[in-house]
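Have a look at the structure below, then the notes.
The values are calculated or read from the model by the stated rules, or taken from the named source; none is laboratory data. Here the structure is a predicted model, which means the values were calculated and not measured. Every residue, glycine as well, gets a Cβ built from its backbone with ideal geometry; the counts of neighbours run over all protein chains shown. All accessible areas refer to the heavy atoms of the entire protein, side chains included, with ligands and DNA or RNA removed. Shrake-Rupley method; radii C 1.70, N 1.55, O 1.52, S 1.80 Å.
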Amino acid sequence: MKIVIITSLPKSNFIKKISKNFHVEYLIIEQRKSFKYIIKYYFRRFSKKPVQTFLEIFYQFYKIIYDFEFQKDVDMVKENNTFFTLEINSKITEDIIIKKKPDIILLFGTSIIKKNIFNIPSFGTINIHTGINPKYRGGGNPWAFINDDVENIGYTIHFVNAGIDTGQIIRRETLPIPHNVKSLLGYRSYCTD
């Protein structure tokens, strides 16, 4: 089975485990957008949803800082089988995936994938979403944590369709959160360990 992984979190334990237990044909790493891009994007949204926009800016800024050290260190797939991109739905990314002819694409921690990408593999595209669907689509667990909704912190594995985290659910599981995890930063650290 040919697997292509698309992620923005190349050093996550999930990626390491998949790469250790299955043959990963190709790894596509979505690099984070620049801080300038994020500010421009959220500035336009601020007038419509100021509180949500502020919290999203904070979280995105944190992800840029947290992930910076990992962007150049990819050790689970050979270098010649890795592609870095800023535009996950680009024609270049699409052409690379088509050439690899994957049976499955696995997504973990990416931007929204469009049909030109998720329709390529023969068995479908599967997303590992860090959130309980349908309650926490999109942003996922950080919103459950902000809402003090710890009983709905977990993950959902689902097929990808045109909606945001709306595909057929394969597995959904809540996770116990240790009592010492008291902040979003602590939560993020706990999830990546």
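General remarks:
- Any hit, region 182-193, residues being under 17 Å from the mean Cα position of the chain (by Cα), at pLDDT 90 or above, of a type outside the set (Ser, Thr, Tyr) and open to solvent by less than 80 Å² (accessible area, probe 1.4 Å): no
- Of the criteria (1) among the β-branched types (Val, Ile, Thr); (2) under 21 Å from Ile18 (Cα atoms); (3) within 13 Å of the chain's Cα centre (by Cα), which one Ile104 fails: (3)
- Residues of region 78-99 classified as outside any loop (DSSP other than H, G, I, E, B) and open to solvent by less than 50 Å² (accessible area, probe 1.4 Å), total: 8
- Annotation: of all residues in region 13-31 being within 25 Å of Ile92 (Cα to Cα) and touching a Ser or Thr at 6+ places or on another chain (Cβ under 8 Å), the one that is modelled with the lowest pLDDT is Ile15.
- Scanning region 113-130 for residues that are in contact with a helix residue (DSSP H, G or I) (Cβ under 7 Å, 6 or more places away or on another chain), open to solvent by 20 Å² or more (accessible area, probe 1.4 Å) and not in a loop (DSSP other than H, G, I, E, B) returns Asn116, Ile128.
- Under the condition of being of a type in the set (A, V, I, L, M) and closer than 13 Å to Ile164 by Cβ, the residues counted in region 103-120 number 3.
- Verdict on Gln60 being at pLDDT below 85, over 17 Å from the mean Cα position of the chain (by Cα), more than 20 Å from Tyr26 (Cβ to Cβ) and open to solvent by 40 Å² or more (accessible area, probe 1.4 Å): no
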